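All remarks here apply to the structure that follows.
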């Protein structure tokens, strides 16, 4: 808040929604009843320029869908995406191409995200061809080489001729990062970039990503289910549950001082490799499974699993997200009583 | 630099291709077929085969329904090979007004099965009287033919003993065998050479024994006028075996037919397969990629083509246009492309969901780029395989069309050879040399392409085998 540069909002997400229609039974068709999987159900957050924004949640909470909505791979059902001061919710063909030049994505599975028939140089060059960068092949290959050395794949020409399956997981993810960097984007959506990578190389990749981010002044949306890497990597964390953000704040605040019962449960579930505790299975305070996204509980959507649920939680509207001060937001009716 | 790159990649491909045995077999087969196409004029015995396949008079000097010559190697009862005798002893006599020209042909008969026919051929003018006699090793002398022939101002003389000497041979028989035996044979169905080349005994009809030795065939032409003349006489003896692949019941040389059919098979197979599979793959991919109502619409159009039977369309088409191989190929392409659509569409639906498609989309790639650069190349192995399977399919379809008489009558195809065989009941009469070679060729050509396709598949996509 103190820094003016930080206040520059690059991404503003307002009440973003994505509902997938569900196949209906005959009687539902006749009664005109429509059912949806509410994968993303009113998500709002701001991402500052040069920030690493972490989106955390268990699988099925809608974090990847949010990423895809931001990447314009899906059309939102409702809400707004404002990128760089411009409403980018619905874009025509040319604007979309510009948008995609500036917003890039790193996928979870670095092998699946590269065409197995393409050599590394083809994978990277394709992006340049699409956006008509470089005058000839020679120039483009020089750019490819530069991008590969940016992600520390050295020497680049050795990797350029290889196919994705000839690289290790870490190298592949570096190459995938190079692909998203090659156009000098403003923003990168990283969807679980290290979850498929060996623990030993994870830190290395994250470190590389962070170095690149600092060097180039990038903004990241880091989507993950892994709180420990989120703490290490991000400047801000938003915790999602069933298509909504339940808590948001700086990593230290959220992880050391979780306000929402769901965040507390998530944090207590993180494994710690501490000697003597290895064989102890952690007790998680919440019970049951995540409710079906077609049938979101009334009231607070977490109340079915919340150990502190009360009358106020079970009826009416979802709790609104509110500021607890110090840039720490939480969506819970009772969080003050829980402290 | 570009050229050397291509050279390099071809070299590398070949290096790997050499490792796949089935691929080598396929390539060798394909090269043999290609060789047959290129050197066709050198390896077939009848150069005009392409134009005269349905011209019965062209083939009339060949034996009918005889097995290949090499079958003699596997039996002790040899069959007479076909031959031509064109070195007669010619003597000329002038008897008043009459000019008598005698040509004496010598035939050394040393096999078990006699030749099928004796055909006298010459050039002639006017209306000479022709007398053909045969002197057997046992000194029996039979006059086979004695008739004036009218040749006008110049014509070929062709006298076939098979059709002209039935009476003479019947008379010869009647002198040798008892009446009761003689009644057992029909004069009109009698094959003269069977008896001419057999030992004359009472058992003539039941147990024929070949009479080996030197036969003299004497052809006497008696010419009354100045203008009557006979020149260049020769005798053709269509044997009871012929050539590399024998003959069919239209007396055609099957070797020439099968070799002449290679190029049409390659053309029909390759063209139909490549065009229809390409259309089908593109259609399937585009349909799957577009999705939604466009997909549904394309599938309905596809179903119209699938449910239209091609045969009635072809019959109508044959009634309107002259049946030609090009219309047939066009129609096959227009209907066969449906064959690969469903599979391709389901494969493309799967590929469409791959992350790298999404990644490409997120990078801003256009639909065309995604379809042609990412999806179609992944379907190339499948396309190769289905092309390989379409090739025999197209050849067989052409054959079935020929069977209905809707084929192109101006060319020779394996299918037409097979359908002729079918119509003549070749399988029932055991004429395997009519059925096996074209059938085997169809199978081998299909195999060649299938092997090449699978080998290329193995090499190009070692990591994609599960896809």
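A few points about this structure:
- Candidates B:198, B:231, B:249, filtered to the one that is closer than 19 Å to residue B:102 by Cα, outside the structural domain of residue B:435 (by TED's automatic domain parsing) and in contact (Cβ under 8 Å) with a residue 60 or more places away in the chain: B:231
- Residue A:92 satisfies every condition listed in (1) more than 24 Å from residue A:217 (Cα to Cα); (2) within 9 Å of chain B (Cβ to nearest Cβ); (3) surrounded by fewer than 17 Cβ atoms within 10 Å (Cβ to Cβ) except (2).
- Residue B:76 being closer than 30 Å to residue B:197 by Cβ and surrounded by 11 or more Cβ atoms within 10 Å (Cβ to Cβ): no
- Pick from segment A:130-141, criterion more than 8 Å from chain B (Cβ to nearest Cβ) and within 26 Å of residue A:217 (Cβ to Cβ), ranking: surrounded by the most Cβ atoms within 10 Å (Cβ to Cβ): A:140
- Conditions (1) without any contact (Cβ under 8 Å) to a residue 40 or more places away in the chain; (2) out of contact with any strand residue (DSSP E or B) (no Cβ under 7 Å at 6 or more places or on another chain); (3) within 30 Å of residue A:110 (Cα to Cα); number of the one not met by residue B:362: (2)
- Residues that are in a helix (DSSP H, G or I) and touching a strand residue (DSSP E or B) at 6+ places or on another chain (Cβ under 9 Å) were ranked within segment B:160-174; the one that is farthest from residue B:84 (Cα to Cα) is B:171.
- In segment A:296-321, the residues that are under 17 Å from residue A:240 (Cα atoms), out of contact with any helix residue (DSSP H, G or I) (no Cβ under 9 Å at 6 or more places or on another chain) and free of Cβ contacts under 8 Å to residues at least 12 places away in the same chain: A:320
- Selection count, segment B:150-177, where residues are over 24 Å from residue B:211 (Cα atoms) and either at pLDDT below 85 or surrounded by 18 or more Cβ atoms within 10 Å (Cβ to Cβ) (or both): 8
- Residue list for segment A:61-87, filter: away from chain B (no Cβ under 14 Å) and buried (at least 16 other Cβ atoms within 10 Å of the Cβ): A:61, A:62, A:63, A:66, A:76, A:77, A:79, A:81, A:82, A:83, A:84
- Filtering segment B:95-121 to residues that are surrounded by fewer than 18 Cβ atoms within 10 Å (Cβ to Cβ), touching a strand residue (DSSP E or B) at 6+ places or on another chain (Cβ under 8 Å) and more than 26 Å from residue B:162 (Cα to Cα) leaves only B:98.
- Segment B:365-404, residues that are within 9 Å of another protein chain (Cβ to nearest Cβ) and buried (at least 20 other Cβ atoms within 10 Å of the Cβ): B:365, B:374, B:378
- Test for residue B:119: is it closer than 17 Å to residue B:235 by Cα and more than 31 Å from the chain's Cα centre (by Cα): no
- Entry remark, segment B:19-42: residues being farther than 30 Å from residue B:254 by Cβ, free of Cβ contacts under 8 Å to residues at least 24 places away in the same chain and surrounded by 12 or more Cβ atoms within 10 Å (Cβ to Cβ) number 0 in total.
- All conditions but one from (1) away from chain B (no Cβ under 13 Å); (2) buried (at least 18 other Cβ atoms within 10 Å of the Cβ); (3) over 28 Å from residue A:58 (Cβ atoms) apply to residue A:197; the one that does not is (3).
- Number of residues in segment A:216-263 that are out of contact with any helix residue (DSSP H, G or I) (no Cβ under 8 Å at 6 or more places or on another chain), surrounded by fewer than 24 Cβ atoms within 10 Å (Cβ to Cβ) and in a helix (DSSP H, G or I): the value is 3.
- Filter result (within 14 Å of chain B (Cβ to nearest Cβ) and surrounded by fewer than 20 Cβ atoms within 10 Å (Cβ to Cβ)) within segment A:142-166: A:161, A:162, A:163, A:165, A:166
- Screening B:448, B:399, B:388 for residues that are touching a helix residue (DSSP H, G or I) at 6+ places or on another chain (Cβ under 7 Å), without any contact (Cβ under 8 Å) to a residue 60 or more places away in the chain and at negative phi leaves exactly one candidate, B:399.
- Scanning segment A:286-334 for residues that are buried (at least 19 other Cβ atoms within 10 Å of the Cβ) and assigned to a helix (DSSP H, G or I) yields one hit, A:313.
- Segment B:349-363, residues that are facing another protein chain (nearest Cβ under 8 Å) and either outside any helix (DSSP H, G or I) or within 39 Å of the chain's Cα centre (by Cα) (or both): B:354, B:363
- Considering the conditions (1) surrounded by 14 or more Cβ atoms within 10 Å (Cβ to Cβ); (2) at pLDDT below 85, residue B:129 is excluded by exactly one of them, (2).
- Residue within segment B:95-117 that is outside any loop (DSSP other than H, G, I, E, B) and free of Cβ contacts under 8 Å to residues at least 12 places away in the same chain present: yes
- Residues of segment A:96-124 satisfying the condition of being more than 22 Å from the chain's Cα centre (by Cα) and either within 11 Å of another protein chain (Cβ to nearest Cβ) or at pLDDT 90 or above (or both): A:115, A:116, A:117, A:118, A:122, A:123, A:124
- Hits in segment A:266-285 - residues which are assigned to a loop (DSSP other than H, G, I, E, B) and at pLDDT 75 or above: A:269
- Some residue of segment B:272-282 being in contact with a strand residue (DSSP E or B) (Cβ under 7 Å, 6 or more places away or on another chain), surrounded by 20 or more Cβ atoms within 10 Å (Cβ to Cβ) and in a helix (DSSP H, G or I): no
The values are calculated or read from the model by the stated rules, or taken from the named source; none is laboratory data. On a predicted model such as this, the values are computed, not experimentally measured, just so you know. Cβ atoms come from the backbone with ideal geometry, glycine included; neighbour counts cover every protein chain shown.
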